[in-house]
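Here is the structure we will look at.
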Amino acid sequence: MRKDSGFSFFELMTVIAIIAIMSAIAIPGIIGWLPKHRVGIAARDVKSTLEFARSIAISRNTVIRVDFDWANDSLTVVEVVNFVETTLRVRQLPGDVDLQADGLVSPVEYNGHGFSNTSGGILVVNTSDDTLSRGITLTVGGNARIQ
């Protein structure tokens, strides 16, 4: 008696058809999810850059400045010591995300105690759908929070 092992052509085509149908169902959901995900990532990147600047200011007991380039959607962290500026970090947001001031005056400076010179908000907005946005609030105490 001979035993056939493996899959038949019909079984293989059935599995491929099932995978194709499930992919056709899942892909539109993934495509719709990506812009919202990118806005969230950009908001977390802005918040982490502000937290980085604050922690460096405290650890080095110096003034750290965060410059917002609203036109190019980027942030630059600069250390200021005796009027000499040293760039510590530059963050460029993705192309489909827009950075907007929402009451925040640029630049933000953190002193050696971690306090900022200003408070206000920052909006991270999707360029193709402005309903997809995340807000970041900065307090004078230096804390940043995503809303």
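Observations, loosely collected:
- The set of residues in the range 97-129 being surrounded by fewer than 16 Cβ atoms within 10 Å (Cβ to Cβ), within 20 Å of residue 40 (Cα to Cα) and out of contact with any Gly (no Cβ under 9 Å at 6 or more places or on another chain) consists of 128, 129.
- For the range 26-39, the count of residues that are surrounded by 10 or more Cβ atoms within 10 Å (Cβ to Cβ), assigned to a helix (DSSP H, G or I), hydrophobic (A, V, I, L, M, F, W, C) and touching a residue at least 12 places away in the same chain (Cβ under 8 Å) is nonzero.
- Test: residue in the range 72-86 that is surrounded by 12 or more Cβ atoms within 10 Å (Cβ to Cβ) and in contact (Cβ under 8 Å) with a residue 40 or more places away in the chain: no
- When residue 29 is tested against (1) within 20 Å of residue 133 (Cα to Cα); (2) within 19 Å of the chain's Cα centre (by Cα), just one condition goes unmet, and that condition is (2).
- Selection status of residue 132, touching a helix residue (DSSP H, G or I) at 6+ places or on another chain (Cβ under 6 Å), surrounded by 14 or more Cβ atoms within 10 Å (Cβ to Cβ) and at pLDDT below 90: yes
- Subset of the range 81-130 [outside any loop (DSSP other than H, G, I, E, B) and among the hydroxyl-bearing types (Ser, Thr, Tyr)]: 86, 87, 110, 116
- Test: residue in the range 60-67 that is in contact with a Leu (Cβ under 8 Å, 6 or more places away or on another chain), in a helix (DSSP H, G or I) and surrounded by fewer than 17 Cβ atoms within 10 Å (Cβ to Cβ): no
- Residue count for the range 131-142, restricted to those that are without any contact (Cβ under 8 Å) to a residue 40 or more places away in the chain and part of a loop (DSSP other than H, G, I, E, B): 4.
- Candidate set: the range 66-89, residues that are over 24 Å from the mean Cα position of the chain (by Cα) and not aliphatic (A, V, I, L, M); chosen: the one nearest to residue 104 (Cα to Cα): 85
- Positions within the range 87-117 being modelled with pLDDT of 90 or more, among the polar types (S, T, N, Q) and either farther than 27 Å from residue 62 by Cα or touching an Asp or Glu at 6+ places or on another chain (Cβ under 9 Å) (or both), in sequence order: 87, 92, 116, 117
- Criterion (closer than 24 Å to residue 32 by Cβ and either modelled with pLDDT of 90 or more or touching a helix residue (DSSP H, G or I) at 6+ places or on another chain (Cβ under 9 Å) (or both)) met by exactly one of 78, 125: 125
The values are calculated or read from the model by the stated rules, or taken from the named source; none is laboratory data. Because the structure is predicted, anything quoted here is derived from the model rather than measured. Positions of Cβ are backbone-derived with ideal geometry, glycine not excepted, and every protein chain shown enters the neighbour counts.
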